[in-house]
Each structure stands twice: as structure tokens, then as C-alpha cells.
Amino acid sequence: MAGGAAPPSTARGGYRLSALNDDLLQEIITCLPVKEAARTVVLAKRWRYLWPSAPLFLNDADLPQPARDVVVPRVLAEHRGRFRSINLAYFRLASLDRELPGWPRLLADKRTQRLQLTNRNYLPPNQIGTLPHIPADILRCGSLQNLVLGFLKFPVDLSHGVEIFLPNLRELTLAMVIISGEDLEHLITACTALKTLKLTSLTPKRVHLRSRSLRCALVGLSRVEDFAVVDAPLLERLVLYLPGTGARVKIGYAANLLVLGHLDTRVHQLQIRDMVIKSGLKPNTMASTSTLIPSVKILAVTVNFGVLSELNTLASFLRCFPNIVTLHIESVLHDPSVSASAIEPSGEHHAKFWQEVGPVECLRSHVLEKMAIHEFRGDQDEFEFLKFVAMNAQGLQSLHVVLQEGDTSSSDDKKVNEAREKLQDLRFQTGISGVLLVLPKEGILSTLQKATDLTYNDPFRF
């Protein structure tokens, strides 16, 4: 360098990292995998005392399999700093109980903020009853802000005999856990600061939500038959997925509900307060004030346009939400496992259905501005619905029709062009034209992440 100055890395006789203060160095160390962070003690005498007292980020996935049984208990026992995030996805809880008895209490004493126990070494589904219990002390770790539990079972009779103290818990995720419906309701109610709830593959057939703080809920209904939002005055977003074989979805008190989906006309029975919206209603059946949820602005519905009973249900669902601004519809076929005798194809009658259907308030009241049809295939019964929208939607500003990449190939160019031409032929009252898009199918993990990220105004957007 000019003037013979020393390189920056050796200026003043030392490394620039070593010139940082201890607080900054500790923050750097906490960003490293635990194996690398521990190695910093050999870099310099000054570093020797930084990692043991830095906030601990422990992820057992960073450790080689043979070393986990030894390293995890030792790190938890010897680390002097507080615990910020502990992720035990592969470590065997029985080994931890043996090597470090009382470790759940230690998590509370070290003021753990985030804990993930997902027991990836679970037994096959036919032996699910032998899953290990969640240590009761985990439910009394008052510093926890984020808790993820998977492939475990809750203490027996949680709602009657186990104290729960989770006053700071903001986010709760339960994946494939054994818990009764009553205990689940008690757990959610006891988490008085809970903002985000994620439930998937639960064992109870009955799931009822009561929470005075909950804002967002992601619920997998693959095993649930009776789902209800009983009392959730701050709930803004309810995302349902994995519809399973059928469930009653009841919306009781949720005055601030803005986003709802996917309601599935194939398997869901919608109940609003005490009124059940049954499938197979006559096309001109009107909604009453007791079957309206005026707060919902974004709605997602799944439907098979080729089945008349599902078209009836779709029309009935739409009438319950008079103030929808954005409507997403996923066009699907019946699952191959569904008996052919249970399917009533609409055939030549689908056009007549939409001609006779009664008014849908969200279309004719200038409220609905955006609509997207996902998983579009270009079938005639889908276009009959779009004709109905074109004739009745008085405020629609954009329509996106999405064909999934992979459902079409170079040999299907003719089909894509035909669909595009048919869209251009539609005459909307607002003068818009439908836009045909061919997009890759979004992965399930990305979809679920958006569902609970409130920075996404519309979690169903492609």
C-alpha cells in the first residue's frame, strides 16, 4: 500500500474483529452454529470467555449424529449465558432425561425465548400412542415467546391437573401431537399473550378456539370434524388447509376477521353463529343477517365447478360475505378416491344454473375489486362461472386466471390460446379484461409461511 501502511487486517497490531467490544462480539458468536461458536475459544485468550456467556442458540441439527447425546446435555449444563433459542429436533428426549435430569426447569431458569421440540425420531403412525410426554415444566417456562412441539403427547388431563404459565408466549405451533380437544382449548386460553397459532395433524376431532389475544390461526383439518371459532375478538386471519374427509366450520364471535380460507365446498359445512349453511340449497336461497360475516375482506374458496351441489354451496358461501374485496377460487377435481356414484356432474346444466342463481351481494354492490381463479384448466363449466361474474360484478377491477405450470406443456399451447381467446371474449361491466397467467405451483411450505406472516396482506396471492 502507498506509504508502506500496514494492511487493514493487521493495522495497530491486531485483527479488526478483536477491536470490537464484547457485546458486539457476542452477537457475532450467537449467529454461528454451536459447533463453530464453541471453537472460538481457541482463537484468542480474549475470546475464551465470550461464547460460554453469550446468549445460546443451540440447534442439534448442527451437530453430527454420534456427538449429539454427549454434546447437547453438556452445552445446556455448562453454558453460563441465558438461552435464546433451543432447537431439539433429532435429539432423543430419553437420553436428555438420563444425562441431564431437570433440563426442562433449566430452560425456565435460563429464560429461554424460543423452544422447538419436534422429536424427529418418532415411531411409525401405528405406534403413535407410545410417543413421549411433553415435560410439564415446559408449560411453566414463563420467558417463552415461541414454542414448537411435534410428535409428542401432552400430560394426561391437562385442563384439570397441570399448571400452565406462559404469559409471554406469542407463537404456538403444534404438529402431530396427542392432545384432547378440551386440553387444547384450555392450553390456548391459558396463553394470554398468544398472537399466532399453528395446528397441523392434531389428534382431537373437536377443535374450539377461545382467545382474547389471538390474531392469526393456521389450522390443518385433516383429522378434525368439528372446528369452531367460539370467541376470538382480535382474530384477523383464519387459514384452513388439509381439508380431510369433512368438517363443520363454525364462526361464532370473530368481529375483526378479515381473511378467511380455504372454505372447501367438497367437504366443509359452514356454520355462522347458530345458522348452518347447508350444501344443496336452491340457487335462489338468500342469506339473512344471521348468516353474514361483514368483516371479511379476503376470501378463498375451493370448488369443483363440474358438480351442481358444489355450485350451490359456492353461491351460498359467497352470500355470507357481502363485503369481500378480494376473492380467490381454487378450481379442483374430486379426489380419485371419491366414489363415482357420489359425483353429480353438472354437464349441460351448468350454464342454466348460473342463469337461475339469485343475486350475490358482494358482486352487485361494487365491493368486489379483485378475483383470481387458481388451478384453472379451461373447462367450459369454469367459463360459465366467469360469464356469471362478468355479467354481475359491478366493481371488479382485475381478474387473474392462473394455469399451473406443469399442468400444461408445449402440446397444450392450443388449449392455452383457446382459453386466452375465451377470456378476451368476456365482456365485463367495468370494461376490464381477464389476464391469463401460467405460473409454477407454489410449494406447501411457502404457502403456509405466507399464511401466518401478517406482512402479507393477502396470503392467498400467487
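No lab work stands behind these numbers, since they all come straight from the coordinates. Source: prediction; values computed, not measured. Cβ coordinates were reconstructed from backbone atoms using ideal geometry, including for glycine residues, and neighbour counts include every protein chain displayed.
Observations on the structure shown:
- Stretch gain in nm, segment residue 398-residue 80, where the contour uses 0.36 nm per residue and the Cα spacing is subtracted: 108.7 nm
- The share of Cα pairs per 10 Å bin across segment 141-227, counted from zero up to the longest distance, runs 18, 56, 25, 1 percent.
- Hydrodynamic radius (Kirkwood) for segment 350-445, which is based on Cα pairs only, to one decimal in Å: 14.2 Å
- Between segment 170-211 and segment 416-454, the alpha-carbon centres lie 34 Å apart.
- For a modelled paramagnetic label at residue 369, 7 Å from Cα along Cα-to-Cβ, the residues of segment 415-449 in reach, with backbone nitrogen under 20 Å, are 428-435.
- The aspartates and glutamates within cross-link reach of residue 352, meaning a Cα-to-Cα straight distance under 13 Å and a gap of 8 or more places when in the same chain, are 381, 384.
- Extended-chain gain in nm, criterion 0.36 nm per residue less alpha-carbon gap, residue 165 and residue 256: 30.0 nm
- The magnitude of the dipole of segment 88-198, with charges of +1 and -1 set on the Cβ of Lys/Arg and Asp/Glu and taken from the Cα centre, is near 480 debye.
- Rg over Rh, two decimals, segment 201-265 (C-alpha only, Kirkwood Rh): 0.94
- Ranked by the mean number of other Cβ atoms within 10 Å per residue, highest first, peptides 150-163, 180-193, 206-219, 315-328 order as 315-328, 206-219, 180-193, 150-163.
- For segment 73-160, the alpha-carbon radius of gyration amounts to 1.09 times the rule-of-thumb value 2.2 N^0.38 Å expected for a compact globular protein.
- Separation of the residue 98 and residue 418 label points, Cα + 7 Å toward Cβ, nm: 6.6 nm
- Once the C-beta distance of residue 432 and residue 276 is scaled by a Förster radius of 45 Å, the resulting FRET efficiency is 0.80 to the nearest 0.05.
- Per-selection Kirkwood Rh - segment 62-115 (Cα, Å, 1 d.p.): 11.5 Å
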